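Asker: The following block contains the structure, expressed as structure tokens.
Derivation of every value follows stated rules applied to the coordinates shown; laboratory data play no part. This is a predicted model, so every value here is computed, not measured. Cβ placement follows ideal geometry from the backbone for every residue including glycine, while neighbour counts extend to all protein chains displayed.
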Amino acid sequence: MTNSPTNATIARVTDRIRQRSEGPRGEYLGRLRAAVAAGPVRAHLACGNQAHAYAAMGAQKALLAEGRVPNIGIVTAYNDMLSAHQPYETFPQRIRAALAGVGATAQVAGGVPAMCDGVTQGQTGMEMSLFSRDVIALAAGVALSHNCFDAALYLGVCDKIVPGLIMAAATFGHIPAVFVPAGPMTSGLPNDEKAKVRQQFAAGEVGRDALMAAEMASYHGPGTCTFYGTANSNQMLMEIMGLHLPGASFVNPNTPLRDALTEQAARRSAEITALGNDFRPAGEILDERAFVNGIVGLMATGGSTNLVLHLPAMARAAGVILDLADFDEISAVVPLMAKVYPNGLADVNHFHAAGGMQFLIRDLLKAGLLNPDAKTVAGDGLAAYTREPKLIDGHLSWQEGPEDSLNDKILRPAATPFQPQGGLRQLDGNIGRGVIKISAVAPEYHVIEAPVRVFHDQEEVKAAFKAGEFTSDVVVVVRFQGPQANGMPELHSLTPTLSVLLGRGLRVALVTDGRMSGASGKVPAAIHVSPEAATGGAIAKLVDGDIVRLDAEAGTLTCLTPGFEDRAPVVADLSHNAYGIGRELFAAFRRNVGPATTGAAVVV
């Protein structure tokens, strides 16, 4: 395969990030190299320390005490309430058996929490969702702080879990990290049919029984939800950033190929420790090239807007500084190559069958839109990721992936894409700075200019809708939804309501300092607006009737009403956000969280 020279914008943005990050990245690498130079970690533990660590390991105690073979730490997000994480129940046993076959050992270092945004969507628990990312990083840090491990296997899939685990993997960047996916559930009720029933329910056309039947037919078994939301965007990201084995992202759970990939991930983690000849510490993989490749993948697939929050936080943990301008400039040169719901009718299983990650990476390399020399767990460079895994006569091997899309309604080459640019735009103006995802938004809605209705709660929006108050074009402003106000919950439950208004012929947009999700859909939504209302941001100056212009083409978000900028911002009573369903425990997070523009992070 012949790659084109690296695209000038990709090269320039990568170099700009490298220069911007020179100070923090240099300090980070200095700490990493000092930790590596100290040698295998277990050598520094006293006998009493080690005896505690190995007491339950039975016949493997002697191997562990000798310290001559790799000991792999498993950090797992297993629980059986999340369909995506339920398959992880049996992974530790499988990993231990695979490593025993190569003379290595493994221990479950610890578990991390994993909450489901599908369960908490529109509920109070969603106010802890974003903060769970930082809790996951902290919990993984506690697990690995025992300092007994030569590499780590990270078992996590969904929205905040992978970003939190990456933050931990970067913090423990002196040891290798391999991420082990569980795969998507098999296809159920098509996502567009589910969305139609949701809209019918929002409009009062069907009852809760019909809604429940549709939801259960869609979310029906083990694995990730099949739409292209944050969870599946995470899996794309881990593969294109070189932290999965090639082709591992979208193989269904509980299949022979998935089991073989899990076993090989375990063996590969042992091969790349400092005890062998192919040492690949996580901190060296997580450099500016990897993060740019991740952003490219996000744009090429129309991935989740949540990653615009997570990637800067993940990168900072490795000393790499990302800015919204990086996303915007990369989006301008990376074409949209995939149409997966909500950007199209297909689900991730269809995407995988059409050529999936192997076709995508191959074609992006051909087009010069990736950093081809990025270091990965599979080797130096992304060439290995153009090959797909096959299980032939019980043996796992990799063969060249497809050079052509197997379904051009789902996946197209960069030369003939669905859209010439990626699906994300930076927005800036006198209301603040934010982002919009337009890959699923019809061109006629890329510019919306209308009077605003201001709300401080998404339930207020739904109540106004039910009362028939939306009868003309409107920009719905939902503020005091930022990280300091209430933890920055997703407002995805507004999508059916706003979609109904769009279907009635109204020109509608959402402006918020909160989040949407990977399934934000067809309604133009300016999200992550910063500074947020709770810190006195300009979004807190808007009043009903102000004229706001959201222009995704020009990248602007502007209040056109004279005198807007001279107003004092509204101060809201946020005391009700401080208690109930665990919110009391997160007061320190709300006080200390950073702005959305730098990842809304607490721990980095």
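Asker: Which residues' amide hydrogens lie under 5 Å from the amide hydrogen of K375, considering only partners 5 or more residues apart or on another chain, with H built in the peptide plane?
Answerer: Excluding prolines and chain starts, which carry no amide H, the hits are G381.
Asker: What three numbers, in Å, describe the spread of the alpha carbons of segment 381-481 along their principal axes, ordered from the longest?
Answerer: Each principal axis gives a Cα extent; for segment 381-481 these are 63, 32, 27 Å.
Asker: In segment 421-511, which GluC sites (Glu not before Pro) fall in coil by DSSP and have 12 or fewer other Cβ atoms within 10 Å?
Answerer: Within segment 421-511, the qualifying GluC sites (Glu not before Pro) (loop, at most 12 other Cβ atoms within 10 Å) are E469.
Asker: Taking N as the number of residues in segment 424-598, what is its Cα Rg relative to 2.2 N^0.38 Å?
Answerer: After normalising by residue count via 2.2 N^0.38 Å, the value is 0.97.
Asker: When the expected Rg is taken as 2.2 N^0.38 Å, what fraction or multiple of it is the alpha-carbon Rg of the chain?
Answerer: Here the Cα radius of gyration is 0.94 times the empirical estimate.
Asker: Next question, about the same structure. What relative contact order, as a whole-number percentage, does segment 424-598 give when Cα pairs under 8 Å and 6 or more residues apart are counted?
Answerer: 29
Asker: Need one number for segment 59-112: average projected area of the convex hull over its C-alpha atoms, nm².
Answerer: Mean projected area of the Cα convex hull: 3.9 nm².
Asker: A further question on this structure: Under unit Cβ charges (Lys, Arg +1; Asp, Glu -1), what dipole magnitude, rounded to 20 debye, does segment 410-517 have relative to its Cα centre?
Answerer: The dipole of segment 410-517 has a size of about 260 debye.
Asker: Can you pull the one-decimal nm distance between simple spin-label points at R18 and T535, each 7 Å off the Cα toward Cβ?
Answerer: Going by the 7 Å Cα→Cβ label model, 3.1 nm.
Asker: D566 versus A38, label points 7 Å from Cα toward the beta carbon: distance in nm?
Answerer: Those two pseudo-labels are separated by 6.0 nm.
Asker: Working from the alpha-carbon coordinates of segment 89-227, get Rg over Rh, Rh being the Kirkwood radius.
Answerer: Ratio of gyration radius to Kirkwood radius for segment 89-227: 1.09.
Asker: Can I ask one more? Would you work out which of H446, N486, G545 lies farthest towards the positive end of the dipole of segment 424-598, given +1 charges on the beta-carbon of Lys and Arg and -1 on that of Asp and Glu, about the Cα centre?
Answerer: Of H446, N486, G545, it is N486.
Asker: Ok, one more. Please report Rg over Rh for segment 202-247, where both radii come from the alpha carbon positions and Rh follows the Kirkwood definition.
Answerer: 1.22
Asker: Now for a separate question. Given the C-alpha atoms of segment 25-86, compute the convex hull and give its volume per residue in Å³.
Answerer: Taking the convex hull of the Cα positions in segment 25-86, it is 154 Å³ per residue.
Asker: Could you check what % of the DSSP bridge pairs in segment 424-598 are antiparallel, to the nearest 5?
Answerer: 55
Asker: If you take the beta carbon distance between T9 and A65 as r and set R0 to 51 Å, what does 1/(1 + (r/R0)^6) give as a FRET efficiency, to the nearest 0.05?
Answerer: 0.45
Asker: Something else now. May I ask you to derive the relative contact order of the chain, considering only C-alpha pairs under 8 Å and at least 6 residues apart, and to give it as an integer percent?
Answerer: For the chain, the relative contact order is 15 percent.
Asker: Using only Cα positions of segment 189-279, each an equal point scatterer, no hydration layer, compute I(q)/I(0) via Debye at q = 0.10 Å⁻¹ and quote the log10 values to two decimals.
Answerer: -0.44
Asker: Taking H as built 1.01 Å from N, whose amide H comes closer than 5 Å to the amide H of I74, not counting residues under 5 places away?
Answerer: Q107, V108, A109, G110, L153
Asker: If I model a spin label at S575 and M81 as a point 7 Å from the Cα along the Cα→Cβ vector, what separation in nanometres do I get?
Answerer: A separation of 3.0 nm, rounded to one decimal place.
Asker: Could you give the dipole magnitude of the chain about its Cα centre, charging the beta-carbon of Lys and Arg +1 and that of Asp and Glu -1, in debye to the nearest 20?
Answerer: 820
Asker: Scale the Cα Rg of segment 298-358 by the rule-of-thumb value 2.2 N^0.38 Å and send over the ratio, two decimals.
Answerer: 1.29
Asker: Okay, next question. On full extension of the chain, what length is gained from L406 through A353, given 0.36 nm per residue of separation minus the C-alpha to C-alpha distance?
Answerer: 18.3 nm
Asker: Which pairs, out of K390/K522; K194/K366; K366/K390; K437/K466, put more than 32 Å between their alpha-carbon atoms?
Answerer: K390/K522; K194/K366
Asker: Follow-up question, since we're still on this one. So what's segment 327-372 giving for Rg/Rh, alpha carbon basis, Kirkwood Rh from the mean inverse pair distance?
Answerer: 1.01
Asker: In terms of the Cα gyration tensor, with a ≥ b ≥ c the square roots of its eigenvalues, is segment 23-135 rounded because a/c is under 1.5, prolate because a/b exceeds b/c, or oblate?
Answerer: Oblate shape, in that a/c is at least 1.5 and b/c is the bigger or equal ratio.
Asker: Taking 0.36 nm per residue of sequence separation and subtracting the Cα-Cα distance, how much length would be gained by fully extending the chain between T124 and A97, in nm to one decimal?
Answerer: 5.6 nm
Asker: So what J values fall out for segment 389-406 if you push phi through Karplus, 6.51 cos²θ - 1.76 cosθ + 1.60 with θ = phi - 60°, rounded to Hz, Gly and Pro as x?
Answerer: x, 10, 10, 10, 6, x, 10, 7, 8, 10, 10, 4, x, x, 8, 10, 5, 8
Asker: Helix 306-317 versus the longest principal axis of the chain: what is the Cα-based angle in degrees, 0 to 90, to the nearest 10?
Answerer: Orientation of helix 306-317: about 40 degrees from the principal axis.
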